[in-house]
1. Suppose the filter is over 29 Å from Asp67 (Cα atoms) and either open to solvent by 80 Å² or more (accessible area, probe 1.4 Å) or touching a Leu at 6+ places or on another chain (Cβ under 7 Å) (or both); does Asp140 pass it?
2. Of all the residues that make up region 68-96, how many are β-branched (Val, Ile, Thr) and assigned to a loop (DSSP other than H, G, I, E, B)?
3. Would you mind stating whether Ile169 is over 30 Å from Asp67 (Cα atoms) and of a type in the set (A, V, I, L, M, F, W, C)?
4. Which of (1) more than 26 Å from Leu69 (Cβ to Cβ); (2) touching a Lys or Arg at 6+ places or on another chain (Cβ under 8 Å); (3) open to solvent by 70 Å² or more (accessible area, probe 1.4 Å) does Val114 not meet, given it meets every other one?
5. Evaluate the following for Ser124: is it under 25 Å from Ser194 (Cβ atoms), open to solvent by less than 40 Å² (accessible area, probe 1.4 Å) and among the polar types (S, T, N, Q)?
6. Across region 168-179, which residue is nearest to the chain's Cα centre (by Cα) among those that are over 13 Å from Val148 (Cβ atoms) and open to solvent by 90 Å² or more (accessible area, probe 1.4 Å)?
7. In region 145-168, what count of residues is obtained for those that are in a loop (DSSP other than H, G, I, E, B) and touching a Leu at 6+ places or on another chain (Cβ under 7 Å)?
8. Would you tally the residues in region 88-107 being modelled with pLDDT under 95 and either buried (at least 17 other Cβ atoms within 10 Å of the Cβ) or within 14 Å of Glu163 (Cα to Cα) (or both)?
Amino acid sequence: MKKQLLLSMILALTFLLMACSGGEQEVAGQAQPEQESEDAAVEADEEVDSVDLEEATSQDQSNTTEDPLSNYSSEKIEYARVWLQVTGNGDVEQLNVKRISAGEQLNPYDDKSVAYPEDVIVLSGKAMADGFVTYSGNGDGTINVYDVPSHWPTSDQIEESMEEYTKGIVEGTEKVSVGTGNEEEVVELIGKISG
C-alpha cells in the first residue's frame, strides 16, 4: 500500500514537472533531470508490480494449502492418529472414545485389580474384532499404551493374583511415538468418531 502511494506521488510529481516545462524550449542540460525522474518512476513502477505479484502469489498459495485438519479439535485429531498408529485399522465403521479417570480399576470385574495411575482413553471400534487401544497422552507426541486384554481372565486362568497381573500391565506400558499420519485417512476417521 505504501509503495503504491509512493509510486502515485512520483508519477504526480513527474507530470507536474512536465506540465511546468511544457511549451518552453528546453536546454539539453535541463532535459536530463526530467529523464532521470521518468526513469526512476518506471523503475519504481516495475518494483511495485513485482512486489505485488509476489504478495498475491504467496496469498494464493496460503489459501490453496490450507490445513484440512484445521476444522477439527486437537482431541479428535489425536484419537484418529493414535488409532491409526497403534492399530493401523482405518476401515472401522465407528470409532468409540471412552475416558477412564485415574483411580479406577483396570479390571472392573475384580476388586483385587490395581487402579490406573493416570487418566486414560480407550478407543474401540464398533465390533470387538476392530480392536481397541487404552492409552494416556504425554503431551509431547508420545503416548503410553496399556496392554489391557480384550477379555479379562478369571483368577483361575492366570498364574498370579489379579493384583499382580494388573500391576504388570501398569508397569509394562509401552511408550509409542505418534506420527501425523495420512491427512485424508485422519479426516475420514474423525468423521467416524462417536463418544
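1. Numbers: over 29 Å from Asp67 (Cα atoms): no; either open to solvent by 80 Å² or more (accessible area, probe 1.4 Å) or touching a Leu at 6+ places or on another chain (Cβ under 7 Å) (or both): yes.
No: the conditions fail for Asp140.
2. Taking region 68-96 first, the residues β-branched (Val, Ile, Thr) are 77, 82, 86-87, 92.
When the remaining residues are screened for being assigned to a loop (DSSP other than H, G, I, E, B), the result is 87, 92.
The total comes to 2.
3. Working: over 30 Å from Asp67 (Cα atoms): yes; of a type in the set (A, V, I, L, M, F, W, C): yes.
So Ile169 passes the test.
4. Condition not satisfied by Val114: (3).
5. Numbers: under 25 Å from Ser194 (Cβ atoms): yes; open to solvent by less than 40 Å² (accessible area, probe 1.4 Å): yes; among the polar types (S, T, N, Q): yes.
Considered against the rule, which asks whether it is under 25 Å from Ser194 (Cβ atoms), open to solvent by less than 40 Å² (accessible area, probe 1.4 Å) and among the polar types (S, T, N, Q), Ser124 comes out as yes.
6. Here is the first cut: in region 168-179, the residues over 13 Å from Val148 (Cβ atoms) are 171, 175-179.
Okay, now just the ones that are also open to solvent by 90 Å² or more (accessible area, probe 1.4 Å), so 171, 175.
Details: Glu171: 32, Lys175: 22 Å.
If we take residues in region 168-179 being over 13 Å from Val148 (Cβ atoms) and open to solvent by 90 Å² or more (accessible area, probe 1.4 Å), then Lys175 is nearest to the chain's Cα centre (by Cα).
7. Within region 145-168, the subset in a loop (DSSP other than H, G, I, E, B) is 147-154, 158-161.
Narrowing further to those that are touching a Leu at 6+ places or on another chain (Cβ under 7 Å): 148.
Qualifying residue count, region 145-168: 1.
8. Number of matching residues: 2.
The values are calculated or read from the model by the stated rules, or taken from the named source; none is laboratory data. All figures in this text were calculated on a predicted structure; none of them were measured in a lab. Heads up, the Cβs are rebuilt from the backbone with ideal geometry, glycines too, and the neighbour counts pull from every protein chain shown. Surface accessibility is based on the protein's heavy atoms, side chains included, excluding ligands, DNA and RNA. Shrake-Rupley method; radii C 1.70, N 1.55, O 1.52, S 1.80 Å.
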